[in-house]
Ligand SMILES: [Fe+2]
Ligand SMILES: [Fe+2]
């Protein structure tokens, strides 16, 4: 478990440094790409839970998790809408990059969550913490009330994921 958590952090750090490098100086485009990708796991969790239900594998925390992940995915869509209002998806190349990455990320999360739900939650937990940190850095030298709220949402998501990990122990 500990080793896999380190593995999650390692993969995340590499991915983030690549995105940060490619998107330096283009904050809202970077945020848009990150939000586009970061919302996929919630839909992947919902897909797997839905499939598990159809296969008669509905656990006691099923309805709670379905509700949580549905609310989270909608909340991420609101974040995405804000980034779009700031021109985050204005360029073809950003849409191209994000929409291909998200396909890979969605399916990876489906498999990951099916095989090791706690580890999949942990990866998203790290992603949410990283997102909050990214917005926090941005807010050090920019003023944006909506980004402040979005940062708070990401912290809430991280807490909810932490709770989900404890719940399915
Ligand atoms: Fe978000
Ligand atoms: Fe989030």
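The values are calculated or read from the model by the stated rules, or taken from the named source; none is laboratory data. Given the structure is predicted, the values throughout are model-derived calculations rather than measurements. We place every Cβ from the backbone using ideal geometry, glycine too, and count neighbours over all the protein chains shown.
For the stretch 56-76, the candidate set comprises residues that are over 12 Å from residue 160 (Cα atoms) and free of Cβ contacts under 8 Å to residues at least 24 places away in the same chain; within that set, the residue that is nearest to ligand 2 (Cβ to nearest atom) is 74. Hey, could you check the stretch 20-46 for residues that are surrounded by fewer than 18 Cβ atoms within 10 Å (Cβ to Cβ) and at pLDDT below 90 and say which is farthest from the chain's Cα centre (by Cα)? Of everything passing the filter in the stretch 20-46, 25 is farthest from the chain's Cα centre (by Cα). Selection of the stretch 147-162 for residues being away from ligand 1 (no atom under 11 Å from the Cβ) and either surrounded by fewer than 14 Cβ atoms within 10 Å (Cβ to Cβ) or within 20 Å of residue 85 (Cα to Cα) (or both) yields 148, 159. All conditions in (1) under 16 Å from the mean Cα position of the chain (by Cα); (2) over 21 Å from residue 11 (Cβ atoms); (3) touching a residue at least 40 places away in the same chain (Cβ under 8 Å); (4) surrounded by 20 or more Cβ atoms within 10 Å (Cβ to Cβ) hold for residue 88, with the sole exception of (1). Might you let me know whether the stretch 47-65 holds any residue that is closer than 26 Å to residue 148 by Cβ, surrounded by 14 or more Cβ atoms within 10 Å (Cβ to Cβ) and within 17 Å of the chain's Cα centre (by Cα)? Taking every residue of the stretch 47-65 in turn, none turns out to be closer than 26 Å to residue 148 by Cβ, surrounded by 14 or more Cβ atoms within 10 Å (Cβ to Cβ) and within 17 Å of the chain's Cα centre (by Cα). Can you name the residue in the stretch 134-146 that is touching a helix residue (DSSP H, G or I) at 6+ places or on another chain (Cβ under 9 Å) and surrounded by fewer than 19 Cβ atoms within 10 Å (Cβ to Cβ) and is also farthest from residue 69 (Cα to Cα) among such residues? Checked the stretch 134-146; the qualifying residue farthest from residue 69 (Cα to Cα) is 142. Among the conditions (1) free of Cβ contacts under 8 Å to residues at least 40 places away in the same chain; (2) more than 21 Å from residue 19 (Cα to Cα); (3) part of a helix (DSSP H, G or I), residue 165 misses just one, which is (1). Taken as a whole, the condition of being within 27 Å of residue 166 (Cβ to Cβ) and either in a helix (DSSP H, G or I) or more than 15 Å from ligand 2 (Cβ to nearest atom) (or both) applies to residue 10. Checked against (1) crowded, with 16+ Cβ neighbours inside 10 Å; (2) within 16 Å of ligand 2 (Cβ to nearest atom); (3) in contact (Cβ under 8 Å) with a residue 60 or more places away in the chain, residue 97 meets all criteria but (2).
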